[in-house]
Amino acid sequence: MNAGERMNKNVERGRATRAHLIEVATRLFAERGYDGTSIEAVLAESGVSRGSLYHHFPGKEALFWAVMEDVGARIARQEEAIARDAPDRVAILRAGALAWIRLAGDPVVRQIMLIDAPVVLGWRRWRELDEQGPLGVIRDCLGYAAETGRIEHRHVDTFAHIVLAAANEVAMMIARADDPAAALTAGESAFAEFLDRLLGEAPPAA
């Protein structure tokens, strides 16, 4: 085996180790929460050496960040699939926002993204993630809604923040509810009605 092949194998091994650590940490963070998950627990469950873990992640917060990015990427792929099937951008907004609310019932999303992330990252960093991702999509969809006469153009940016805040608040409500299933049913119904009242139907062509 030449030097290049050895390097490639080392890179592949490193990627596999990193992915394994993220998989194990995701399960532990979802089951035990951030505070209840120690580096020692991740090491014990993964069978990875301490040196190898710290080679990839300098500490627990960095590992949590990687887990959160991985969960976020999974959510983004689901949103992209929804967008491909939606007939227009208003439908994308409806389907995507309701899908996010339903994900509040997913134990991994609930614990990692909705309960722990705002605390571990701090509210400002958590909000920045929304501003870099879903806020732009929501703004684009509402821009289309304005073009088709559903809302006024001057309200697009403010409405985008309102929709994002409302979706996150409903998801938080579900995540922290004593009866998440009942909260999900109520939250999904209320948010769908909220969007119906905001967006309504496109006006008939002149």
- Note on the structure: Inside the range 82-114, the number of residues satisfying the requirement of being within 12 Å of the chain's Cα centre (by Cα), part of a helix (DSSP H, G or I) and hydrophobic (A, V, I, L, M, F, W, C) is 10
- Query: If the Cβ limit is 9 Å and pairs must be 6+ apart or interchain, which residue in the range 87-102 that is assigned by TED's automatic domain parsing to the domain that holds H161 and touching a residue at least 24 places away in the same chain (Cβ under 8 Å) pairs with which residue that is among the basic types (K, R) and not in a helix (DSSP H, G or I)?
  - Reply: V90/R150
- Matching residues in the range 119-137 (in contact (Cβ under 8 Å) with a residue 24 or more places away in the chain and surrounded by 13 or more Cβ atoms within 10 Å (Cβ to Cβ)) number 8
- Check on R84, buried (at least 19 other Cβ atoms within 10 Å of the Cβ) and out of contact with any Gly (no Cβ under 6 Å at 6 or more places or on another chain): no
- Message: Going through D178, D157, D196, D140 one at a time, which residue ends up being acidic (D, E), surrounded by fewer than 16 Cβ atoms within 10 Å (Cβ to Cβ) and in a loop (DSSP other than H, G, I, E, B)?
- Response: D178
- Note on the structure: Going through the range 87-114 in order, the residues found to be within 17 Å of M173 (Cβ to Cβ), of a type in the set (A, V, I, L, M, F, W, C) and either surrounded by fewer than 18 Cβ atoms within 10 Å (Cβ to Cβ) or modelled with pLDDT under 90 (or both) are A99
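The values are calculated or read from the model by the stated rules, or taken from the named source; none is laboratory data. Please read all numbers here as calculations on a predicted model, not as lab measurements. Here the Cβ is made from the backbone with ideal geometry for all residues, glycine too, and neighbour counts use every protein chain on show.
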